[in-house]
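Worksheet: the structure to be examined is printed underneath.
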Amino acid sequence: MKSKTKRVDVHVRIRPRVGDELDRDDPELIFEMPTPTPKATLIVETPATEADEVEYVEVLGFTVPKSKPKRRKTYRHFASIQNDVPNGDFYDVAVAPLVAQALSGRTACCFAYGHTGSGKTHTILGYGSERGMYDLATAQLFAALDELNERNTIPADALKVQVRFNEIYNGEVYDLLNDSAKCFVREDAHGKIQIRGELMTDEETGLMKPTSSATRVASSAGELWDIVATGMAARSTGNSNVHRASSRSHALLELEIVSDRVLALRSNVIEVEAALTRTGHERDTLEMDIFVRQHDKVEGKWVKKADARGATQEECSLLLTLRKELVQLDKAIEAAHAAVVAAQTDGVSCLCGALVFVDLAGSEHAGSVGDGIVKTETEQQECREINKSLSALKACFRSHSKNLSSAACYRNSKLTLLLRDHFRATNAKTMMVATISPSSVHAVQTTHTLQYAQLVGET
Ligand SMILES: Nc1ncnc2c1ncn2[C@@H]1O[C@H](COP(=O)(O)OP(=O)(O)OP(=O)(O)O)[C@@H](O)[C@H]1O
């Protein structure tokens with residue numbers, strides 16, 4: 001049986017002219033929408049300029065006809081085109097279905113792509129009285145959770161929302177809920193992507209162990225807003241040793257429906273895994289001590305001593321105990337994982353539903369490494385990283401829509417690695433909003449955004 005394709009719904013959002021565009025009275029691009037949703041087409045026409053009237057030009061002393069610029073361009077494969085609509089209307093069309101998806105226990109991702117100033121932040125996070133997508137989404141989410149919680153009598157099963165808020169800048173991941181601390185992304189023994197903090201010394205054992213990246217839990221939309229506001233403040237200020245502009249970083253806000261029961265069981269998994277690491281380290285150290293005692297290093301190679309004595313009885317019995325403990329711990333990890341899965345599947349159907357909002361770096365930074373504008377070493381590196389992550393994202397959209405199980409494309413950037421489990425979650429839904437300005441001053445960036453959006457929409 002042919003599997004269903006998982007297309008990315010791409011919505012184009014055209015904002016009104018704002019700020020300088022109004023002050024300068026920028027000429028507007030002309031938009032035509034000949035085909036309505038669900039397979040919308042957008043024709044963009046740049047207004048004629050005085051230069052268009054020039055018919056001939058001098059080239060190397062010859063007078064030749066001037067080639068006419070292509071003023072009309074057509075872009076296809078969009079789910080909808082929203083021209084000058086308020087956030088609430090855009091939400092109803094593009095984001096409300098994602099919330100329904102999360103409330104059915106599945107995953108939904110929303111990406112905002114466009115050049116700096118095109119309206120990504122206005123869309124995702126909102127401005128003033130214009131509530132952003134995540135705010136409108138969490139209001140809808142909590143309205144549903146509150147209703148379910150009213151019927152629930154067991155406190156440990158009360159539904160809440162767990163928040164993680166990370167920023168990816170120059171190929172590194174920062175934790176916006178932990179003072180922009182640097183994080184590390186790795187795959188755990190069960191193939192799940194984990195975000196970990198810096199290594200810390202465990203006071204009990206003296207061993208270095210990674211701290212988990214910060215998550216916060218909100219029981220109401222108001223609490224969630226406060227958590228996100230903390231992250232947004234961290235994003236705009238950065239930390240003392242990293243100065244980054246938000247337009248040159250990707251921000252990833254992950255919201256997951258959880259209960260205290262599920263969180264306790266997950267933290268039990270982390271505890272048992274830590275115990276396994278500790279015991280494994282103890283066994284390895286003892287085995288190494290015995291080995292080193294029995295061998296000499298000759299010309300870089302270990303050679304067994306002629307008079308090497310075996311392990312003492314005490315060491316043998318300790319090794320036996322440690323090996324038995326490791327077998328027990330392996331079983332305990334399996335059981336702990338099974339308990340998490342059982343709690344997640346036995347609970348209400350919305351449990352573990354997730355909503356992910358991604359405010360991507362300004363698209364003008366992609367493809368602009370060699371655009372002729374003088375850039376510092378750091379700026380060139382930033383452009384390379386943005387290019388890399390946005391190309392990897394496009395490849396992953398393609399692989400996702402074609403139901404390819406290949407994990408390789410996700411490894412090509414931190415952004416896609418962080419998103420991998422969300423993309424590959426069962427029946428995950430993905431939506432991208434391509435934000436554009438109507439000002440012809442931004443025509444080049446608008447063309448770039450629409451080309452990328454079309455490629456994503458046609459995958
Ligand atoms: N749909 C809209 N309606 C009215 N004003 C808008 C709309 N979209 C954006 N704006 C305004 O345009 C300006 C730039 O928008 P915004 O900051 O969201 O851009 P951005 O793409 O997020 O830029 P950056 O990459 O710097 O974060 C803001 O003043 C914002 O309020």
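Against the longest principal axis of the chain, how steep is helix 221-237, in degrees 0 to 90 to the nearest 10, with axes from Cα atoms? It is inclined by approximately 80 degrees. Each Lys and Arg Cβ is given +1 and each Asp and Glu Cβ -1; about its Cα centre, segment 267-342 then shows a dipole of about 280 debye.
In this structure, the amide hydrogen of Asn83, modeled 1.01 Å from its nitrogen in the peptide plane, lies closer than 5 angstrom to those of Ile14, counting only residues at least 5 positions away or on a different chain. Listed by chain and number, the aspartates and glutamates whose C-alpha is less than 16 Å from the C-alpha of Lys160, apart from same-chain residues fewer than 8 away, are Asp135, Asp146, Glu147, Glu150, Glu223, Asp226, Glu254, Glu256, Asp260.
A DSSP coil position with no more than 13 other Cβ atoms inside 10 Å describes none of the trypsin sites (Lys or Arg not before Pro) in segment 75-166. As a quick test, which of the pairs Lys182/Lys429; Lys39/Lys429; Lys182/Lys414 have an alpha carbon distance above 20 angstrom in this structure? Beyond 20 Å: Lys182/Lys429. A Stokes-Einstein calculation at 37 °C with viscosity 0.692 mPa s, built on the Kirkwood radius of segment 21-159 over Cα pairs, returns a diffusion coefficient of 169 µm²/s. Projected over all directions and averaged, the alpha-carbon convex hull of segment 249-299 occupies 7.9 nm².
Heavy-atom surface analysis with a 1.4 Å probe gives the chain a carbon and sulfur content of 53 percent of its accessible area. The alpha carbons of segment 267-342 give a radius of gyration and a Dmax of 17.0, 55 Å, in that order. Per residue, the average separation of C-alpha pairs within less than 8 Å and at least 6 apart gives segment 267-342 a relative contact order of 45 percent. Over all pairs of different C-alpha atoms, segment 120-178 has a mean inverse distance whose reciprocal, the Kirkwood radius, equals 14.0 Å.
For the chain, the direction-averaged projected area of the alpha-carbon convex hull comes to 33.4 nm². Solvent-accessible surface of the chain, taken per residue with a 1.4 Å probe and all protein chains present: 52 Å². Both the radius of gyration and Dmax for segment 404-450 are 15.4, 43 Å, in that order, over alpha-carbon atoms.
The values are calculated or read from the model by the stated rules, or taken from the named source; none is laboratory data. Treat the numbers as computed from the prediction; the structure is a model and nothing was measured. Reconstructed Cβ throughout: ideal geometry from the backbone, glycine too, with neighbour counts over all protein chains shown. We work out accessible area using only protein heavy atoms, side chains counted, and drop any ligands, DNA or RNA first. Shrake-Rupley method; radii C 1.70, N 1.55, O 1.52, S 1.80 Å.
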